[in-house]
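All remarks here apply to the structure that follows.
The values are calculated or read from the model by the stated rules, or taken from the named source; none is laboratory data. Everything numeric here is computed off the predicted structure, so don't read it as measured data. Counting neighbours? That spans all protein chains shown, and the Cβs are built from the backbone with ideal geometry, glycine included. Quick note on the areas: whole protein, heavy atoms, side chains included, nothing else; ligands and nucleic acids left out. Shrake-Rupley method; radii C 1.70, N 1.55, O 1.52, S 1.80 Å.
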Amino acid sequence: NDVPARQETQLKYPKYKTHFSEFIGVGDNGNLWVDGCDCQELADQFGTPLFVLSEGQFRHNYRHFRDAFRAAYPDIEVLFANKSANQLAVRHIFNQEGAGGDAFGLQEMYFSLLTGADTSKMVLNGSNKEDEELEMAVANKVCINIDAMDELDRIDAAAKRVGATDVPLGIRVKLILDDLKDRYGQPMHGEGSLQEQAASHKWGMTMDETLEL
């Protein structure tokens, strides 16, 4: 891809006989088309089964998602969940679009760093973080969302090992969910109301723990 990192490209919208989305549809010849490419020709060239992603649709959807939030919250940043599509090319597209990245674990964080993602827009999430991933996050100034009371001390130790003095942190806070205290559904996480199930089984810090941290 010859587009520099973090440079938005101008989209060219194709016209099809039938549109399934902005960039995917049925062409005049009756074949499926993606981003102006005839899928029959792609299958002939690369063989089948063939997995095809639409770069144009990725960019279009991201911009609409971003702009919808920024209409109400101008300072919002979109953090693309790397686990949803962990191809290097996809991550590179989101880098160009200015999107941040949500990483769960060492591999997803490394994968973002490998593509030159903006680390000021990256967040390391997840419970049971390993020392190796804490060190990588600290060394690259990736924000770490604390998910357990002992993580603060472990992050401090990791920072000392790699010689870091400035570590961006967040705290994963459990939702209060007062509106669900009298609502019941399928007992996916034990007995009790939806609020009680969430409080006992969802990860994150209580409000008291958050204040202590």
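Residues in the stretch 27-42 that are in a loop (DSSP other than H, G, I, E, B), open to solvent by 60 Å² or more (accessible area, probe 1.4 Å) and either within 10 Å of residue 15 (Cα to Cα) or among the charged types (D, E, K, R) (or both): 28 only. Determine, yes or no, whether residue 117 is in contact with a strand residue (DSSP E or B) (Cβ under 9 Å, 6 or more places away or on another chain), of a type in the set (Gly, Ala, Ser), at pLDDT 95 or above and closer than 20 Å to residue 83 by Cβ. Taking the combined requirement at face value, the residue does not satisfy it. Aliphatic (A, V, I, L, M), surrounded by fewer than 15 Cβ atoms within 10 Å (Cβ to Cβ) and either under 28 Å from residue 134 (Cβ atoms) or under 16 Å from the mean Cα position of the chain (by Cα) (or both): does that describe residue 76? Yes; evaluated as a whole, the condition is true for this residue. Residues in the stretch 54-73 that are open to solvent by 70 Å² or more (accessible area, probe 1.4 Å), aromatic (Phe, Trp, Tyr) and closer than 20 Å to residue 91 by Cβ: 1 in all. Could you check, for the stretch 80-100, whether at least one of its residues is within 21 Å of residue 205 (Cα to Cα) and in contact with a strand residue (DSSP E or B) (Cβ under 7 Å, 6 or more places away or on another chain)? No, the stretch 80-100 contains no residue that is within 21 Å of residue 205 (Cα to Cα) and in contact with a strand residue (DSSP E or B) (Cβ under 7 Å, 6 or more places away or on another chain). Close Cβ contacts (under 7 Å, 6 or more residues apart or on different chains) running from residues in the stretch 35-53 that are farther than 25 Å from residue 91 by Cα to residues that are outside any helix (DSSP H, G or I) and open to solvent by less than 60 Å² (accessible area, probe 1.4 Å) comprise 40/31.
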